[in-house]
Amino acid sequence: MAMGSRSIVYGYIEGVWLGPGSPKNELLRGLNAAAIEALPITDDWPFLTRSLFKISDPTVDGGGYRNHIVHFGGSFKQIEDDWAAWLAKFERLLSQMYWETAEAHLLTEFDGEFSYCWEVTREAFLNMRDLDPPRPAGQWTFEGLLPAIVEGRSTEEPVAESGDGQPAEAFSTDGIPLADGDGPAA
């Protein structure tokens with residue numbers, strides 16, 4: 001068996017919080033839990049399985065003050081070789097969930113550490129808050145640096161895209177750029 005280098009992937013998904021007393025808070029937490037439960041127990045490489053994820057308890061002492069947090073992590077053999085495929089699987093999961101921000105970190109033995117951040121657009125946030133039934137986050141901005149091995153990019157070259165393949169500028173569902181400051185509600 002050939003030896004490889006170890007890679008560690010970890011991060012979190014911050015579930016959406018709609019304010020104190022909103023009846024949708026628990027609904028959205030339950031829908032996120034269902035999305036995690038729907039992940040496969042085993043998966044083709046690069047793995048994105050149910051056991052990598054855990055959702056915080058809805059109690060304050062369980063880590064559930066306001067937003068619920070879905071944390072994830074795992075140790076892999078050279079996942080950076082197939083990092084673009086792992087990111088695509090992760091974004092498919094994000095497109096089925098109700099969240100505000102997400103972060104993922106990739107630690108490699110030879111290429112260093114890489115960080116990634118997703119943030120829902122204002123339009124996506126409003127769809128989760130106002131629609132009945134709510135619509136999962138389908139639009140976001142993405143920022144991060146890719147390892148040099150991915151698509152021949154330099155490790156210094158930033159990547160900034162939205163969940164719908166547009167540049168990182170926030171876009172509404174009809175393709176109109178959103179004004180600065182129109183991000184998710186604070």
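Restricting the search to strands (runs of 3 or more DSSP E) fully inside the range 1-99 and requiring at least 3 residues that are touching a His at 6+ places or on another chain (Cβ under 7 Å) gives 6-15.
Residue-wise test of (1) under 16 Å from the mean Cα position of the chain (by Cα); (2) at pLDDT below 95.
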position: H71; (1), (2): yes, no
position: K89; (1), (2): yes, no
position: Y98; (1), (2): yes, no
position: N127; (1), (2): no, yes
position: G138; (1), (2): yes, yes
position: G144; (1), (2): yes, yes
position: P147; (1), (2): no, yes
position: G152; (1), (2): no, yes
position: P158; (1), (2): no, yes
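Filtering F110, F53 for residues that are at pLDDT below 95 and either farther than 14 Å from F142 by Cβ or of a type outside the set (K, R) (or both) leaves a single hit, F110. Looking for something under 23 Å from F125 (Cβ atoms), touching a residue at least 40 places away in the same chain (Cβ under 8 Å), in contact with a Pro (Cβ under 7 Å, 6 or more places away or on another chain) and of a type outside the set (S, T, Y) - is there at least one such residue anywhere in the range 74-92? No, there is no match, as no residue in the range 74-92 is under 23 Å from F125 (Cβ atoms), touching a residue at least 40 places away in the same chain (Cβ under 8 Å), in contact with a Pro (Cβ under 7 Å, 6 or more places away or on another chain) and of a type outside the set (S, T, Y). Taking the criterion of being β-branched (V, I, T) and within 25 Å of F125 (Cβ to Cβ), would at least one residue in the range 15-29 satisfy it? For the range 15-29, residues β-branched (V, I, T) and within 25 Å of F125 (Cβ to Cβ): present.
Is it the case that the range 39-48 has a residue that's modelled with pLDDT of 95 or more, over 30 Å from M3 (Cβ atoms) and under 17 Å from the mean Cα position of the chain (by Cα)?
No, the range 39-48 contains no residue that is modelled with pLDDT of 95 or more, over 30 Å from M3 (Cβ atoms) and under 17 Å from the mean Cα position of the chain (by Cα).
The values are calculated or read from the model by the stated rules, or taken from the named source; none is laboratory data. Predicted, not measured: the structure shown is a model, and the values here were computed from it. Note that each Cβ is placed from the backbone with ideal geometry, even for glycine, and that neighbours are counted across all protein chains shown.
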